[in-house]
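Visitor: Take this structure first; my questions come after.
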Amino acid sequence: MNYESFNKNTLEEEYIRLVFGLKLKQIRTDKNLSLFGLAKLTGLSKSYLNEIEKGKKYPKTDKIVTLSEKLEVPYDHLVSLKLDKNLAPIGEILQSKILKEIPLELFGIKENNLIDIVANAPAKVNAFISTIIKISQNYNLTRESFFLASLRSYQEAHNNYFEEIENNAVAFAKAYHINLEAPIKSKDLEDILIEEYGYTINKEELSKHHQKLSELRNIYIPKNKTLLIYDDINEAQRTFIYAKEIAYNYLKIENRLYTFPWIKFESFDQVLNNFIASYFAGALIIPKDNLVQKLTHLFSLENWQPIQLHKIIKSFNCSDETFYQRLTNILPKFFNIKNLFFLRFTHKENAPVFKLTKELHITQQQTPHANRNNEHYCRRWISLKTIQDLEKREDKKSTYGIQISSYENSKNEYLVFSAATSDPFKEKNNRSISIGMLLSPHLKKKIKFFKEDTFEKKTVGVTCESCSVQNCKERVADPRILIKQLRNAEIEKTVENIIQSYN
């Protein structure tokens, strides 16, 4: 994979051809003409007209004059880039910066295919685009969230495993004599950044701006290769930051972000490259072969031993979040556990709302999703319970939990692991990360320690507002959405009975 060479087809020439083709096709169909009929009318070949309508060819001036005269349409209207109202959204999306910035090749879409799709079914495409626009407006879909949603689709399409990045991490370790059997230390990576890539590490400057920049962990200044980093961040955080910086250099990624966490994305390439660097860092700090070996042993245990999982996590110089995210790479590829999800919740102490700030769903679109505006996520989830347990502790040490979650009126059950920690950069803010796996026959067979009575089982909802669980002690809001749905169903049934009585 060449991380800087995704082809930036801007669609300008294709857009001009496509607009002309869409207009010609619309005019032809409005006049009830077939392609054969238009060919007879104008003296132009049917195949030539077909290529024009598909946006593959743009006619010369004399041909446009002929079309204008025979179809009785002004020449200026035919050559104008302005589309009629019913086709306008197509023009907007094709000219938008978002479409230009997303490498279509990532999703297996060739530019010509996109043109053909639009040309062959403009009405359907227009309706689809209009729907997407309305959804984005209703859910406050920002430019950044659109990019991140595109990235998630890319990850999910590949089961979140990328062999080439894995191999690059191993190759780097070999080239710099890093022992992947032992925990990687930040000092080892810091020396490589300084000696090999000419970095200057400044651990004092950010502290001077702590009041305004408390949420940032580091800033990279490209002009003189200076990395500003807080001196008081923990060893795991420092190691991950250094590993990401090494990724940018080792993989020769230039179009990158300069802060961690990110403030804003300028293009989809930056979103993708940020993901690539983070993936590389995770693959370096938690090597796949080492992790697979340890998970294989964990899954072979006849009885569940939480301490064994903690030992695995502690054997790597990583945060809980980095470890859980790494599981989303390894479990689908090496254990064929593909029906899984990853969630990150955040919570400000004493606030009524828990926020779902990160999600990933492999194979299936499991609930929940971060699209529940003005609703309260179910307090029965282990993801929220671990945060609540953390906030009850005076020492604010990390809390862990595991449960089987099942949704009412659904046969699906999930084995969910969760860990909660205080946010080191936001006072009185906490977060949890969770990984859930569908309890399929394959999973039960793969995990020897799984037994029905080993883990607490909870019937959960999505949000209080849509939940039908009765006598729920954890409920914090009335099921107003559910009540409305039931009321509408009752009305529908009554109307149906009335109609049938008259038949």
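Visitor: Taking θ = phi - 60°, what integer Hz values does the Karplus form 6.51 cos²θ - 1.76 cosθ + 1.60 yield along region 165-171, in sequence order, with x for Gly and Pro?
Guide: These are the phi-based 3J(HN,Hα) values: 5, 4, 5, 5, 5, 5, 4 Hz.
Visitor: So, one more: Keeping all protein chains in place, calculate the accessible area per residue for region 301-374 (probe 1.4 angstrom), answer in Å².
Guide: Per-residue accessible area for region 301-374 comes out at 46 Å².
Visitor: With the cut-off at 28 Å, tell me which of the pairs Lys358/Lys397; Lys264/Lys355; Lys185/Lys208; Lys396/Lys448 have Cα atoms farther apart than that.
Guide: Lys396/Lys448
Visitor: For region 164-243, which whole percent of the accessible surface, found with a 1.4 angstrom probe, sits on carbon and sulfur atoms?
Guide: With neighbouring chains kept in place, the figure for region 164-243 is 49 percent.
Visitor: Loop only per DSSP, at most 13 neighbouring Cβ atoms within 10 Å: give me the GluC sites (Glu not before Pro) in region 138-201, ordered by residue number.
Guide: Glu181, Glu196
Visitor: Can you list the lysines whose alpha carbon sits under 20 Å from that of Lys40, skipping same-chain ones fewer than 8 residues off?
Guide: Answer for Lys40, where 20 Å is the Cα cut-off: Lys23, Lys25, Lys31, Lys54, Lys57, Lys60, Lys63, Lys70, listed by chain and number.
Visitor: Could you please state how large a percent of the accessible area of region 363-441 is carbon and sulfur, counting protein chains only and using a 1.4 Å probe?
Guide: After summing per-atom areas, the C and S share lands at 41 percent.
Visitor: Full extension from Asn412 to Asp62: what is 0.36 nm times the residue separation minus their Cα-Cα distance, to one decimal in nm?
Guide: 119.5 nm
Visitor: Considering only protein heavy atoms and a 1.4 Å probe, what is the carbon-and-sulfur percentage of the accessible area of region 308-353?
Guide: Carbon plus sulfur share of accessible area: 47 percent.
Visitor: How large is ³J(HN,Hα), in whole Hz, for each residue of region 223-233 in order, when computed from phi with the Karplus curve 6.51 cos²θ - 1.76 cosθ + 1.60 and θ = phi - 60°, using x for Gly and Pro?
Guide: 4, 10, 6, 9, 10, 8, 8, 5, 6, 9, 6
Visitor: Next up: Over the residues of region 339-437, compute the C-alpha Rg and express it relative to 2.2 N^0.38 Å.
Guide: 1.05
Visitor: What list of ³J(HN,Hα) couplings, whole Hz, do you get for region 408-424 from phi and the Karplus terms 6.51, -1.76, 1.60, once you set θ to phi - 60° and write x for glycine and proline?
Guide: For region 408-424, the Karplus-derived couplings read 4, 6, 9, 7, 6, 10, 10, 8, 10, 9, 9, 9, 10, 9, 6, 6, x Hz, x marking Gly and Pro.
Visitor: Would you list, by chain and number, the lysines whose Cα falls below 18 Å from the Cα of Lys333, excluding same-chain residues fewer than 8 positions away?
Guide: List returned: Lys288, Lys294, Lys444, Lys445, Lys446.
The values are calculated or read from the model by the stated rules, or taken from the named source; none is laboratory data. Computed from a prediction, not measured in an experiment: that's the story for all the values here. Every residue, glycine among them, receives a Cβ derived from its backbone with ideal geometry; neighbour counts consider all protein chains shown. Surface areas here come from the heavy atoms of the whole protein model, side chains and all, with no ligands, DNA or RNA. Shrake-Rupley method; radii C 1.70, N 1.55, O 1.52, S 1.80 Å.
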